[in-house]
1. The conditions are (1) open to solvent by less than 10 Å² (accessible area, probe 1.4 Å); (2) under 17 Å from Leu81 (Cα atoms), and Arg267 fails exactly one of them. Which is it?
2. Tally the residues that are outside any helix (DSSP H, G or I) and either among the aliphatic types (A, V, I, L, M) or farther than 21 Å from Ser813 by Cβ (or both), restricting the search to region 722-773.
3. Would you confirm whether any residue within region 758-770 is within 49 Å of the chain's Cα centre (by Cα) and surrounded by 14 or more Cβ atoms within 10 Å (Cβ to Cβ)?
4. Just one of the numbered conditions (1) under 32 Å from the mean Cα position of the chain (by Cα); (2) assigned to a loop (DSSP other than H, G, I, E, B) is not true of Gly257; which one?
5. Select the strands (runs of 3 or more DSSP E) contained entirely in region 106-168, then report the ones holding at least 2 residues which are open to solvent by less than 10 Å² (accessible area, probe 1.4 Å) and either of a type in the set (S, T, N, Q) or in contact (Cβ under 8 Å) with a residue 12 or more places away in the chain (or both).
6. Among the helices (runs of 4 or more DSSP H) lying completely within region 270-374, list those that include at least 1 residues that are over 26 Å from Gly632 (Cα atoms) and out of contact with any Phe, Trp or Tyr (no Cβ under 8 Å at 6 or more places or on another chain).
7. Looking at (1) under 30 Å from Ser679 (Cβ atoms); (2) open to solvent by less than 10 Å² (accessible area, probe 1.4 Å), which is the only condition Asn288 fails?
Amino acid sequence: MEGREIRGRFLSFFQERGHTVVPSSSLVPADPSLLLTNAGMVQFKPYFLGEQAPPYPRATTAQKSFRTTDIDLVGLTDRHLTFFEMLGNFSFGDYFKEGAVDLAWELITEGFGLDAERLWATVYETDDEAAEIWATKLPRERIVRRGKKDNFWSMGVAGPCGPCSEIYVDRGPEHGREGGPEVDEDRYLEIWNLVFMQNECDANIEVAGDLPKKNIDTGMGLERMALVLQGAGSSFETDLMRPILETAEEVSGQRYGKEPGTDVSLRILAEHGRATTFLIADGVLPSNEGRGYVLRRMLRRMVSHARRLGVDRQVTAPLVERTVELLGDAYPELVDRKAFVLQVAAAEEEHFGATLRQGLVRFKEEAARVREGGGSTFPGEAAFLLHDTYGFARELTEELAREQGLEVDAEGFERLMEEQRERARAAARGVADRRALVEAAREGGPTEFLGYERLEAEAAIRALIAGERAVGSATEGQAVEILLDRTPFYAEGGGQIGDAGTIRTDSGVLEVEDTVPGPGGATVHRARVRAGEVRAGQPAEAAVDADRRAATARSHTGTHVVHWTLRTLLGEHARQAGSLVAPGRLRFDFNHFEALSRDLLEEIEGTANARLAEDAPVRAYETTFEFARSQGAIALFEETYGDMVRVVEIGGYSTELCGGTHVARTGEVALAVLVSEASIGAGLRRIEALVGPDALRWVHAERRLLEDVAEALGAGDPQQVPDRARRAVARIKELEGELQAIRRRERGARVEELAAGARDVAGVALVVADLPGEDTGALRELALQLRGRLEGRRHGAAVLGSADGGRATLVASCTKDLVDRGVTAPLLLEVAARDVGGRAGGKPHLAIGGGGKPAGLPRALAGVPDRLAALLEGSR
């Protein structure tokens, strides 16, 4: 049974049994506590928590899922994947344990035709109810009770959780030992997890209470089921992965199954090629933090393994092409965004090519240091640096080390890796517990938003939250979060910042500083009591700061026009990748792979302002998502859309899905000025602009600045400034050249003076000098000139030092004949560098060292003659 048939049969089975087929949500979750969507239940979390009423009692999905914990295991085993498809069925307070087990049993044994004699089930250690349900289908010896680690499911962060029952299939004795899942999980393969979602966990993954209703959340890994039904030896040999693996073979010229090390690399190319395609298609871009770091790490892992296979050309493009060809029918966004995915992947691969070369240089330097010191172990700290900074997989570092006759300190590397993992886990645990806010939102329901039509409204205070608890009242100076039944305040979203303003009651005044979306469709007003006292339940007058809202609306309309302009002038790939819409200013991130020239920026600015000057109407309306897309409306990667969406249409040229606030006509924006353009990552650019009065103020400030520069340069006309500035710079360079010539003459005289004072150490001329005030560059140049001065006359060496503030610097040089005897500059400087609290390194003829103990410099220099004598003695 092919993978697409397994997916289709699963969805149709549950659809025929009253489940609504819901499309997969993005890999970028709306839930801020999650890095990436890691299960099918993520998009349904508000229904499980009772924050929102589910629109259907039952649902089924094929969900794109991603788990970062398995990145390092990919390629090393038959079944570990980062990206996978999770087939699931869900019940929101409808059926529970018995219904879930019955449906699963029917589909597995009848729909997929698995032999009941091959099936096992596990249940939570105290779940007698689930055990008895399974006993009607399986012998009790094939029903295994397991503890919290195996049979209690949570998202890994605060949220819904509950005991679970996992279904296993026995793949046969050729795959491992007999005895059930507890004995061998390669032979007894888990194919489906039925989660009885009835509890709510806190940030420590401890049960904190019960959910409003008992729910069902199940997850069947499509790749796992394909492995079983196709009788494949591994996930990589199913029709879901084998075609991509074959592309990896074609790219590398290697054959799968011939050599274990090669197999690992080919698996990584195939799995990471598929996974990164999906990540980029959902709007993730390479970066050094968060989900962008996950993507960057995987792309770099692919490139490094391609190099291990002898591939010195781009490998990502054919893997992306094959993934889109294989899965584009099921996930059409892959087809829509293929060009974008190819551009991002290619740019990162090209960028990492240079980084890889830098990492190899760093590896060779560290390996040489170890060998020179007589060691045989490549430090774990250096291996971790190569992994974390240069994207070197540990296996790559180990292979390079073996070629140098070294072994990697695996224990030190793993210790640092675990410290990094713990920091990530701590960050996840650090998500604030918002239980009081969730409860208040659940009781009050969604907030009615009135802000499109009005800036003032009568409302009632539903709840006041101070810190992490609900309070009945708040007094002057106290910071609170307020929930109203209705509000004119816009909650931050789509890049637009939240509104500010005031909320008044008959007993007090609140200054609203920010407005953000809350759980279950609630709007959260972050405020401080400015006067008097406010109480929960009071009627209130809510008023938005009108000037701030108007300035923000100008920025948001300006953002849409800039977006249209970029796509028109640069190409359709230049789509929004992030934005900030604030009063009078905007920041716009977009996909593009080279810097914009000054002429092009001027053209963008001119085109955008020409559009604004047309004073075209700005129209907002609601329609279905499908109709909006059919009209060409642009949807953003990071946003999640429901069945009904809001469309903002400007003139006849710009149509975007947008929930923000806008002006009525483009003429109200008046003016847009681009103030900066820069790279913020591979294939990602950022433009910053000012609009309206803020743009005009910036123009005035620039004009005043030009006038001040003209006055300083003695130019009567600002148009003379460039010529005057160029002439001034040329004169400065001329004077600097003359000064350098004077300094060279002085330095030459100084070299002669220092050389004349050289002492004899066992037949070697040694210059040692403390030169206060000289920087590292000057010391280096003097040391090289002294080397040249001593070269050819006899063996010679120089050690120069200088202390400045909290640091001492040392530079040493040795003539060639001295180096040939084994006396090198790093060895000569080794002891002196320790005396000033540091280390030394460099080339045989020149070394630089230093440390944070400048008081030790006299001792360091005084010990140089003895150090040289010892080295000369050892070289005989």
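The values are calculated or read from the model by the stated rules, or taken from the named source; none is laboratory data. Not measured: the values here are computed from a predicted model. Using ideal geometry, Cβ is built from the backbone for each residue, glycine included, and neighbour counts are taken over all protein chains shown. The protein model used for the area step is the full one, side chains on, heavy atoms only, and it has no ligands, DNA or RNA in it. Shrake-Rupley method; radii C 1.70, N 1.55, O 1.52, S 1.80 Å.
1. (1)
2. First, pick out the residues of region 722-773 that are outside any helix (DSSP H, G or I): 757-773.
Imposing the further condition that a residue be either among the aliphatic types (A, V, I, L, M) or farther than 21 Å from Ser813 by Cβ (or both) reduces the set to 758, 761-762, 764-769, 771.
Number satisfying all stated conditions: 10.
3. Keep residues of region 758-770 that are within 49 Å of the chain's Cα centre (by Cα), which gives 770.
Next cut, surrounded by 14 or more Cβ atoms within 10 Å (Cβ to Cβ) only: 770.
Looking through region 758-770, at least one residue is within 49 Å of the chain's Cα centre (by Cα) and surrounded by 14 or more Cβ atoms within 10 Å (Cβ to Cβ).
4. All conditions pass for Gly257, except number (1).
5. Working: elements: 119-124, 143-146, 152-154.
Once the strands (runs of 3 or more DSSP E) in region 106-168 are filtered for at least 2 residues that are open to solvent by less than 10 Å² (accessible area, probe 1.4 Å) and either of a type in the set (S, T, N, Q) or in contact (Cβ under 8 Å) with a residue 12 or more places away in the chain (or both), what remains is 119-124.
6. On the way: elements: 290-308, 316-327, 333-336, 338-372.
Per the criteria, 290-308, 316-327, 338-372.
7. Evaluating Asn288 over (1) under 30 Å from Ser679 (Cβ atoms); (2) open to solvent by less than 10 Å² (accessible area, probe 1.4 Å) leaves (2) as the failure.
Every residue, every condition in (1) buried (at least 24 other Cβ atoms within 10 Å of the Cβ); (2) part of a strand (DSSP E or B); (3) modelled with pLDDT under 90, yes or no:
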| position | (1), (2), (3) |
| --- | --- |
| Ser802 | no, yes, no |
| Val811 | yes, yes, no |
| Pro826 | no, no, no |
| Val831 | no, no, no |
